[in-house]
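Report on the structure given below.
The values are calculated or read from the model by the stated rules, or taken from the named source; none is laboratory data. None of the values given here were measured: they were computed from a predicted structure. Positions of Cβ are backbone-derived with ideal geometry, glycine not excepted, and every protein chain shown enters the neighbour counts.
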Amino acid sequence: MIALPLFGFFALLTVGSALIVSFSRSIVYSGFALLGTFFGAAGFYLFLSSDFVAVTQVLIYVGGVLVLILFAIMLTNKIEDATTSNPSLNRIAGAVLTFVLFLFLVGILSGTDWVVQDEEKFASMVTPIGNALLSSYLLPFEVISIALLAALLGAVVLVRREVR
């Protein structure tokens with residue numbers, strides 16, 4: 001019985017954070033609200049019994065992408081002088097389109113005959129994915145890691161090039 005309130009919490013966290021990202025006039029607040037959106041999505045992956053994807057969501061998007069975005073925002077010169085960094089244009093058209101989409105989705109939800117299945121037992125996918133990466137997919141995994149290393153070294157060379 002704890003699943004429904006927990007699902008409601010993740011839904012509220014995700015939608016609320018996404019609304020802050022969309023409608024905040026400060027890009028700094030939008031960047032930090034993106035954190036809640038990513039954690040809410042990771043919570044939904046846990047509800048789908050996909051623990052590996054949930055951990056990957058947190059590690060890659062929160063640990064990598066979001067930190068990169070926040071560093072870019074914080075290191076931008078004179079970001080505090082910007083009056084409006086996220087202007088919302090065409091709010092009426094967006095509200096009408098959102099309402100039409102909402103009605104469409106409610107119509108689909110109410111018109112669908114939902115089949116309730118027995119609850120499946122949770123099985124972790126970390127071990128099978130790890131075994132597959134280190135056996136069947138070892139060569140593509142290593143090739144991708146070398147390509148990423150080459151891209152990283154290329155980026156360092158481009159950035160470190162002296163200005164003449």
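Of all residues in segment 86-121, count the ones that are surrounded by 10 or more Cβ atoms within 10 Å (Cβ to Cβ) and touching a residue at least 40 places away in the same chain (Cβ under 8 Å).
Residues flagged as surrounded by 10 or more Cβ atoms within 10 Å (Cβ to Cβ) and touching a residue at least 40 places away in the same chain (Cβ under 8 Å) within segment 86-121 amount to 2.
Any idea which residue in segment 26-49 is surrounded by the most Cβ atoms within 10 Å (Cβ to Cβ), counting only those that are in contact (Cβ under 8 Å) with a residue 12 or more places away in the chain and hydroxyl-bearing (S, T, Y)?
Among those residues, the one meeting the criterion is T37.
I need the full set of residues from segment 124-145 which are exposed (fewer than 10 other Cβ atoms within 10 Å of the Cβ) and hydrophobic (A, V, I, L, M, F, W, C), in order please.
L139
Residue-by-condition table, conditions (1) modelled with pLDDT of 85 or more; (2) within 22 Å of the chain's Cα centre (by Cα):
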| position | (1), (2) |
| --- | --- |
| G31 | yes, yes |
| F44 | yes, yes |
| Q57 | yes, yes |
| N77 | no, no |
| G107 | yes, no |
| G111 | yes, no |
| E120 | no, no |
| M125 | no, yes |
